[in-house]
1. For the range 22-69, which positions are in a helix (DSSP H, G or I) and within 18 Å of residue 99 (Cα to Cα)?
2. Consider residue 266 carefully, then state whether it is in contact with a Phe, Trp or Tyr (Cβ under 9 Å, 6 or more places away or on another chain), modelled with pLDDT of 90 or more and surrounded by fewer than 21 Cβ atoms within 10 Å (Cβ to Cβ).
3. Could you tell me whether the range 197-217 includes any residue that is under 29 Å from residue 108 (Cα atoms), in contact (Cβ under 8 Å) with a residue 60 or more places away in the chain, part of a loop (DSSP other than H, G, I, E, B) and not basic (Lys, Arg)?
4. Just checking, which of 393, 362, 340, 384 is charged (D, E, K, R) and modelled with pLDDT of 80 or more?
5. Would you check which residues across the range 455-481 are surrounded by 13 or more Cβ atoms within 10 Å (Cβ to Cβ), modelled with pLDDT under 75 and not small (Gly, Ala, Ser) and list them?
6. Pick from 60, 147: which is more than 30 Å from residue 243 (Cβ to Cβ), of a type outside the set (S, T, N, Q), touching an Asp or Glu at 6+ places or on another chain (Cβ under 8 Å) and exposed (fewer than 13 other Cβ atoms within 10 Å of the Cβ)?
7. So is residue 110 charged (D, E, K, R), outside any strand (DSSP E or B), over 26 Å from residue 201 (Cα atoms) and at pLDDT below 90 or not?
Amino acid sequence: MATDSLAEPTLGNAPEYSVSEISGAVKRMVEDQFGHVRVRGEIGRVSRPASGHVYLDLKDDRAVLSGVIWKGNASRLATQPEQGLEVIATGRLTTFPGQSKYQIVIESIEPAGVGALMKLLEDRRKKLAAEGLFDADHKKPLPFLPDVIGVVTSPSGAVIRDILHRLRDRFPRHVLIWPTRVQGETAAGEVAAGIKGFNALEPGGDIPRPDLIIVARGGGSVEDLWPFNEEVVVRAAFESDIPLISAVGHETDTTLIDFASDLRAPTPTAAAEHAVPVRADLVAQVMDQGARQHRALTRRLEQARNDVRSLARALPRPERLLEIQRQRLDVAGERLVGCRGRIFETRRSTLATWAGRLEARRPQAQLAQSRKDLDALGERLLRRRDGATQTARRSLEPVADRLPRVFAAQVDKNRKRLNQAGRLLETLSHKSVLERGFALALDGDGKLIRSGDDAHAAGRFNLEFADADRVAVQTLDGLPAKRPAAKKAASTRKGQGELF
């Protein structure tokens, strides 16, 4: 009986659920009981897939709670989750049936105390410093007197009033305000946008481009000043082409933008003092420089005047310098009057002499003399020509007598040389060899056949004898070739016979 009761299970009144039904019931219970919770813990694993959602673990020394931040909330978080950071996460609990686990859907994250913020701030500072964002080589000098100053701050706070009041007292300048929030989740993005917006202005445009930027905010807690520790703000300050002064908080407050800016001012009022000089001091300095210049110029003129007076006393009077020259001029004038008559008489005599010479050398007389000289020269040339002709004729007569004898001797010599060459040609010719009973074998192209193989390859060839030419045909196996019945071989040369 006992064995049978164990083998057949008894049916109770407990309801039966499917897996999906039990998972849904647990999900509704958890969401109803924990619809809004705040959980404190240390962030463990952080995962950011391509979807834009953020998955992380919240843990303490005894438990781990999975968390998820949907894409819409992840982009708006004031504090981004980082591994090892202790935070307070606000959200709602829910379950994930696909893995039978519960998790928190996080809506906001805030650091759990100043110690956690300081650790996060120090880690971020080291990271940005390693990238070179705080190097002194990137610091730009501030303009001495900027024409336009851009201020990135809240337009309704006391900070902008302090800056404008200080600028008005020291040196009034054209101020452009880029209104932003300086506290809250969107403050960091707005401050970074303000810095980039001023840099994006075109020089000479409708809106003047600032020569200097001031990023300012009043004092506050670490949490209040946290937007100025965000990377987006620090990188915007580092990338600014316009010199930038950071004036965030009071003198003891330090944010990361202070390290990336070109100058850190302890307060917004001090930033305005660094931005422009004191106009009254400049006016006094200019007046002092002008007075010094006037005094120096006065002293220089007075010294030059004294030098001129000293030199003037050393010089003689102008009248005395002119007395000697005037006397010399009078003497020269008197001599000129006396010499004028003698000079004219001398010139008149010279002209008369030249006139007589020109009369003696008239052109007609010169032409007649030249004609006589030319006739005499022509007669001399004729006499010389006749004498030279007779001399040349006498020298050519012996040559004319010798020329026929030399020509006949040269012809006879050349005839003998030609006969000798002919006899040598007959001696070396193959005709003499043919007359001794030999024959010359030539192929169809007239080339010499030197061996039996050449004759066999030619087949049909010519035999040249001393008295006639004949055509020969190569036979097969030593038998004579049959004579063609219908035709005879044509003779390649005149007098050639038939085939053998």
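The values are calculated or read from the model by the stated rules, or taken from the named source; none is laboratory data. Just so we're clear, the structure is a prediction, and the values are computed from it rather than from any experiment. We place every Cβ from the backbone using ideal geometry, glycine too, and count neighbours over all the protein chains shown.
1. 22, 23, 24, 25, 26, 27, 28, 29, 30, 31
2. no
3. No, the range 197-217 contains no residue that is under 29 Å from residue 108 (Cα atoms), in contact (Cβ under 8 Å) with a residue 60 or more places away in the chain, part of a loop (DSSP other than H, G, I, E, B) and not basic (Lys, Arg).
4. Within the list 393, 362, 340, 384, the selection yields 384.
5. 469, 470, 471, 473, 474
6. Going through 60, 147 in turn, the sole match is 60.
7. No; evaluated as a whole, the condition is false for this residue.
For every residue, the table says whether it meets (1) over 53 Å from the mean Cα position of the chain (by Cα); (2) basic (Lys, Arg).
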| site | (1), (2) |
| --- | --- |
| 76 | no, yes |
| 81 | no, no |
| 104 | yes, no |
| 118 | no, no |
| 145 | no, no |
| 157 | no, no |
